[in-house]
Amino acid sequence: MATDIRPRDTGLPPTMVPLATLIGRELRGGKSEKPAIRYGHAAFAKRGEDYFLVRPDCLRVPGDASSSFSVFAIFDGHNGVSAAVFAKEHLLDHVMSAIPQGIGREEWLQTLPRALVAGFVKTDIDFQRKGETSGTTATLVVVDGWTVTVASVGDSRCILDSQDGVVSLLTVDHRLEENTEERERVTASGGEVGRLNLCGGKEIGPLRCWPGGLCLSRSIGDTDVGEFIVPIPHVKQVKLSSAGGRLIIASDGIWDALSSELAAKACRGLPAELAAKLVVKL
């Protein structure tokens, strides 16, 4: 999925504004026009376990178009599709219900990271009550004006390609093979991390958490893998300059084949819909 956050077309070239300047303007009560958002998505999944959520027209205040924000998410299911479908249908509602009503935009943005954590945990609890064993990664992106807030569990990734060509990773991969901190968290909690052990003692494949054998340390669902796999997301909130940028959100099938830099570079200058299709085909 590719999402462009750009200045609205004024006929003039975009100008770079330092982050500190933007923050200063907001603190002084200055107004900045909301960016134009363009998005596109594409998929190629053999098992059909990836699901998108695209909500470009959400409102903080019902009936008030000036309170609009956009939500984009991807859910990469495993061991079945139930967890991915459930998260797509319920995660956003649980996040929004964790935010107090009647607060202003700045307070709303300040509350959002905590609400995202609460929403992920609530979604996991509700799904586990169903007694099903599937699981899913979840990467959810909220765009409100020039502020981007990302929450994620698993190894679906969101990158930001800013107008000046700097590529930033806005998520953390929760793969036990690569994430030392997560391995230490799991083992400190009493879990076991190791590779699949075949007859004769031969170990194969990536590092996994036992019991269950999941190679991720964080997810929604996965009732059968024990208490060491948690739904608490990594959350990052950034403010873009008025030059804008492009977000690329994709599951591990993309990032196993492409680096963040190559994915961003390959589709620069392309419309969002075409960029999404190109990244999937590379």
Response to the item:
Reduced to Cα centres, the span from segment 180-194 to segment 242-282 in Å works out to 32 Å
Practice prompt. Could you rank Arg246, Arg55 by how accessible they are, 1.4 Å probe, largest area first?
Written response: Arg55, Arg246
Fill in: In degrees, nearest ten, helix 105-128 long axis to first principal axis of the chain (Cα)
20 degrees
Fill in: Accessible area in the full protein assembly, largest first, 1.4 Å probe, for Leu198, Leu112
Leu198, Leu112
Worksheet entry | segment 156-205, accessible surface, carbon-and-sulfur percent (1.4 angstrom probe) | 47 percent
Fill in: Candidates Phe120, Phe228, Phe72, ranked by Gaussian network fluctuation over the chain, Cα under 10 Å, top entry
Phe228
Item to complete: With a 1.4 Å probe and every protein chain kept in, tell me what percent of the accessible surface of segment 50-94 is carbon plus sulfur.
Response: 51 percent
Item to complete: Could you estimate the translational diffusion coefficient of the chain from the Stokes-Einstein equation, with Rh from the Kirkwood formula over C-alpha pairs, at 25 °C and 0.890 mPa s, in whole µm²/s?
Response: 124 µm²/s
Discussion item. Taking the solvent-accessible surface of protein heavy atoms with a 1.4 Å probe, what is the per residue accessible area of segment 79-227 in Å²?
Written reply: 43 Å²
Practice prompt. Give the total of Lys-Lys pairs in the chain with Cα-Cα distances below 29 Å; include a pair only if its members are 8 or more places apart or on different chains.
Written response: 28
Fill in: Of all DSSP beta bridges in segment 174-282, antiparallel share, percent nearest 5
90 percent
Discussion item. Given a 10 angstrom Cα cut-off, can you work out which residue in Gly63, Gly212, Gly154 is the most mobile in a GNM of the chain?
Written reply: Gly63
Practice prompt. Show Tyr39, Tyr51 ordered by accessible area, largest first, where the area counts protein heavy atoms only and the probe is 1.4 Å.
Written response: Tyr39, Tyr51
Discussion item. How large is the accessible surface of His90 in square angstrom, using a 1.4 angstrom probe and rounding to the nearest 10?
Written reply: 60 Å²
Practice prompt. Kindly express, to the nearest 10 degrees and within the range 0 to 90, the angle between helix 82-97's C-alpha long axis and the longest C-alpha principal axis of the chain.
Written response: 40 degrees
Discussion item. Counting heavy atoms of the protein chains only and a 1.4 Å probe, report the per residue accessible area for segment 243-282 as a whole number of Å².
Written reply: 45 Å²
Worksheet item: Under the rule of -39500 (n - 2.57) per DSSP H run of 4 or more residues, summed and divided by the residues of the chain, what mean residue ellipticity at 222 nm is obtained, to the nearest 500 deg cm²/dmol?
Response: -8500 deg cm²/dmol
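The values are calculated or read from the model by the stated rules, or taken from the named source; none is laboratory data. Just so you know, these numbers come straight off a predicted model, no measurement behind them. Ligands, DNA and RNA are excluded from the accessible area calculation, which covers all protein heavy atoms including side chains. Shrake-Rupley method; radii C 1.70, N 1.55, O 1.52, S 1.80 Å.
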